[in-house]
Amino acid sequence: MLKLKILIADEESVSRNVLKTALLYWGCEVFAVENGEQACATLQAESIDLCILSWNVAKVNGLEICRWIRHAELKKTPYTILLADDPKPEDIAAAYVAGANDFLTKPLHLEEVRERIARVAGRIAQVRFIHTQLGSMDPLECYRLDLALHEKAYSHV
């Protein structure tokens, strides 16, 4: 799996540390913070590939961070997974509208988290490969590949 830079923002230290330990074991570079202000500061300072944000993280909640990510001028726009304890269907819809790419419920099942991260790593690897090939490709071929990648990335929705 591609080594990803992952930000965890969770107010619960036990959940944050369990997830951090698992991600480190899987070979990821991890930034773990306990509130939304720290999450936003980390996103500005680092080139984060993936955010795992608790809905109820302190100071700036996960939903607000998702909205902020979509409007901030970051080095890279990260793939964002929002976490909630007992979400209602309207909460899940609000998460996607705010800019979340995925949604998980707590308590987390680490195998499910690993599967989601592996999919994200695969997509990022595809994008990086395509970008390395762009210099020698015909512009129409680049456009076709971009459309195919976009279709594949959103086929699960």
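The values are calculated or read from the model by the stated rules, or taken from the named source; none is laboratory data. For clarity, every value in this text was computed on a predicted model and none was experimentally measured. Quick reminder, even Gly has a Cβ in these numbers, built from the backbone with ideal geometry, and neighbours come from all protein chains shown. Heavy atoms of the whole protein, side chains included, go into the accessibility calculation; ligands, DNA and RNA do not. Shrake-Rupley method; radii C 1.70, N 1.55, O 1.52, S 1.80 Å.
Take the Cα of Ile92, step 7 Å toward its Cβ, do the same at Arg128, and the gap between the two points is 3.2 nm.
Restricting the GluC sites (Glu not before Pro) of the stretch 6-108 to loop positions (DSSP other than H, G, I, E, B) with no more than 12 neighbouring Cβ atoms within 10 Å leaves Glu73. Across the options Gln133, Val14, Ile117, the greatest Cα extent toward the positive end of the charge dipole of the stretch 10-157 (unit charges at beta carbon of Lys, Arg, Asp, Glu) belongs to Gln133. Values (1) 102; (2) 159; (3) 115 are given for comparison; volume of the Cα convex hull per residue in Å³, derived from the coordinates here, is the one labelled (3). Using 16 Å as the cut-off for backbone N distance, which residues of the stretch 64-83 belong to the label zone defined by a point 7 Å from the Cα of Ala58 along Cα→Cβ? Of the residues in the stretch 64-83, none has backbone N under 16 Å from the label point off Ala58.
The alpha-carbon of Lys152 sits under 28 angstrom from the alpha-carbons of these lysines, leaving out residues fewer than 8 places away in its chain: Lys3, Lys5, Lys75, Lys76, Lys88, Lys106. For the chain, the relative contact order comes to 19 percent (Cα pairs under 8 Å, sequence separation of at least 6). Max-minus-min Cα coordinates of the stretch 7-54 on each principal axis give 25, 22, 11 Å, with the largest extent listed first. Remark: relative contact order (the stretch 1-76) = 36 percent; criterion is Cα-Cα distance under 8 angstrom and separation of 6 or more residues. The 1.4 Å probe gives accessible areas that order Ile130, Ile92, Ile81, largest first, as Ile92, Ile130, Ile81.
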